[in-house]
1. Would you kindly identify the helices (runs of 4 or more DSSP H) lying entirely within region 122-237 that contain at least 2 residues that are in contact (Cβ under 8 Å) with a residue 60 or more places away in the chain and farther than 18 Å from residue 107 by Cβ?
2. For residue 205, work out the one condition from (1) in the same structural domain as residue 238 (by TED's automatic domain parsing); (2) touching a helix residue (DSSP H, G or I) at 6+ places or on another chain (Cβ under 6 Å) it doesn't fulfil.
3. Which residue pairs have Cβ atoms under 7 Å apart, sit 6 or more places apart or on different chains, and have a first residue in region 106-118 that is over 24 Å from residue 205 (Cα atoms) and a second that is at pLDDT 90 or above and surrounded by fewer than 14 Cβ atoms within 10 Å (Cβ to Cβ)?
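The values are calculated or read from the model by the stated rules, or taken from the named source; none is laboratory data. On a predicted model such as this, the values are computed, not experimentally measured, just so you know. Cβ coordinates were reconstructed from backbone atoms using ideal geometry, including for glycine residues, and neighbour counts include every protein chain displayed.
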C-alpha cells in the first residue's frame, strides 16, 4: 500500500517536470518580466530627438498651388495678382484692395501641426506667432519693417495682407546684380537700415531670429530696406532659448556649445554674418565645425579691421555701421 502511494507521488512529480515553463505574470511595475525588459531595451535603442530645429528640418509642408484657392472672406475685399515669391512657410502674391486700389502683398501660409500661437494683444484669442509679432511691429509702423494691414484665418491656411514695397527685390538678388558683393560704402548704407530695424524689434520685445539677406527687401530706386518674414520669430525671453529656428549658417556658436542662446547676442551674430556675406560674396562659416572654429578668410581689397570688428562683436568698435 505504502509502495503504491510512493509510486503515485513519483509519477505526479515526473508529469509536473514535463510541463512547459510559463513566465510568471505580475502586476508589480518594480518586477520586470522578460517582455518588459525587451520593450525597455528597444526603447533605449531609439534615437533621441534633437533640440536643433532648422527651418529646413520642419515637417514637410503641403504643396501650395501657384494660384491661391478662392474664398469669399478676402476675395470680397482684394483681387489677387501675380506671384511675387515663395518662402519657407508660404507663398506671396501681389494684390489690390478693391475699395481704394491700394497695392498690397498677399501671403498664404498653410497651417501646420507644429504652428505656434500667442495671445492676441487686442483680445484673448490665440493667433499665429507671425501675426502676433507683426502686430507688435505695426503699431505704430516702423519705416524699415514691412507692415501688416490685416489677416484672415481659414480652416487650412492663414492669409496675411501686407504692405506692398515696390519696385523691389530681396537683398540676396540685389547683391547678385553687383557680382555677389557690394562696396563697403554701400554695405554701410544698407547695414545702418537693418540695424535700425533690429533696434526697433528689440524695443518692442520681438526676436526676429532669421535676419538674413533673403529676408530683406530693397527698393531698387531709393535703396531703402524693409525687414520681412517673422515666421521664425519669438518674443525676447529673459532666459533665452534651447532650440533654434532659422538658417544654419547664421546660427550662433553658443547654441552648439551650450545648447542655449539669447536673442540679442544671437541677433548681433547674424548681423555680422550678413555683413560678411554682403561684402565677401560668401558665408563666413558653412557648418557647425566652421562656426565653432571661427576661422575667417577675407577676400582681397577689404579695408583692414572692418570685418573683424563686425564678426567679433567688439562693443567699443562699431564705426562700420554707426559713424
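1. Result: 171-176, 184-203.
2. The one condition residue 205 does not meet is (2).
3. Filtered contacts from region 106-118: 110/156; 111/156.
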